[in-house]
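The values are calculated or read from the model by the stated rules, or taken from the named source; none is laboratory data. Note that this is a predicted model, so its numbers are computed, not measured. All Cβ positions, glycine included, derive from the backbone under ideal geometry; neighbour counts span all protein chains shown.
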Amino acid sequence: MIDKSGIKVAKEYDTPDWSPDKAQSEMEQAITAVGKGKFQGVYAANDGTAGGAIAAMKSAGMDPKTIATTGQDSEIAAIQRILTGEQYMTIYLAIKKQAESAAQLAVDMIQGKQPDSSLVNAKVNNGAADIPSVMLDPTPVTKDNIKDTIIADNFHSAADICTGDFKSACADAGIQ
């Protein structure tokens, strides 16, 4: 299958419960079906499934550093994999922005007011109606901006990320 951007999708799975174990099994099946060295990247629904895919690559004798693998949620394990080069990137949505938007919507609803049009910036169809929505811009996190995003926003601390085997990778990225 070729998606709308022109990228050939070799295998696609809807991983139940976004389970890392199930994602690992699915990736093992994909490697068997497609072949080692026959794909260039893995787009995973979240960091847990990315971790499962990376574990499958390792068990198949593949170097995950050579295959761009993405996730989302900015989990500590993903940040550590990014620092060591095993995962290319993750997606980060600033919690403070999400909380502030949700709080403002809640206050407006309690007061019986329409949400401010500068806050509600989109409509999402839920199958029954177009629902006014707040869409926040996601931030791609790579090794180059962990310090300026995840650490700067106190989403995770350097102490939590830079443990054991990851201390030197943190130092290489300028994270203390």
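Assorted remarks:
- All positions within the range 43-74 that are surrounded by fewer than 24 Cβ atoms within 10 Å (Cβ to Cβ), under 8 Å from the mean Cα position of the chain (by Cα) and of a type in the set (D, E): D73
- Taking the criterion of being touching a Ser or Thr at 6+ places or on another chain (Cβ under 9 Å), modelled with pLDDT of 95 or more and surrounded by fewer than 15 Cβ atoms within 10 Å (Cβ to Cβ), the only residue of the range 127-141 that qualifies is P140.
- Scanning the range 20-39 for residues that are modelled with pLDDT of 95 or more, surrounded by 12 or more Cβ atoms within 10 Å (Cβ to Cβ) and of a type outside the set (V, I, T) turns up P20, D21, K22, A23, Q24, S25, E26, M27, E28, Q29, A30.
- Filter result for the condition that a residue is of a type outside the set (V, I, T) and modelled with pLDDT under 95, over D144, D160, D63, D108: D108
- Some residue of the range 78-89 being exposed (fewer than 15 other Cβ atoms within 10 Å of the Cβ) and assigned by TED's automatic domain parsing to the domain that holds Q40: yes
Table: residues versus (1) under 19 Å from M89 (Cα atoms); (2) out of contact with any Cys (no Cβ under 9 Å at 6 or more places or on another chain); (3) not polar (S, T, N, Q).
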site: K8; (1), (2), (3): no, yes, yes
site: K11; (1), (2), (3): no, yes, yes
site: T15; (1), (2), (3): no, yes, no
site: P20; (1), (2), (3): yes, yes, yes
site: V34; (1), (2), (3): no, yes, yes
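- Residue ID - nearest to the chain's Cα centre (by Cα), chosen from residues in the range 16-42 that are under 19 Å from E86 (Cβ atoms) and of a type in the set (V, I, T): V42
- Filtered residue count, the range 132-170, keeping only those that are basic (K, R) and either under 20 Å from the mean Cα position of the chain (by Cα) or under 16 Å from I95 (Cα atoms) (or both): 2
- Conditions (1) on the phi < 0 side of the Ramachandran plot; (2) in contact (Cβ under 8 Å) with a residue 24 or more places away in the chain; number of the one not met by M109: (2)
- Qualifying positions in the range 1-39 - within 19 Å of A78 (Cα to Cα) and assigned to a loop (DSSP other than H, G, I, E, B): T15, S19
- The residues listed here are D165, D153; of these, the one that is over 23 Å from W18 (Cα atoms), assigned by TED's automatic domain parsing to the domain that holds P20, surrounded by fewer than 12 Cβ atoms within 10 Å (Cβ to Cβ) and of a type in the set (D, E) is D165.
- Looking only at the range 102-126, and only at residues there that are part of a loop (DSSP other than H, G, I, E, B) and more than 26 Å from the chain's Cα centre (by Cα), the one that is surrounded by the most Cβ atoms within 10 Å (Cβ to Cβ): P115
- The residue that is nearest to M27 (Cα to Cα), among those in the range 53-75 that are among the polar types (S, T, N, Q) and in a helix (DSSP H, G or I), is S59.
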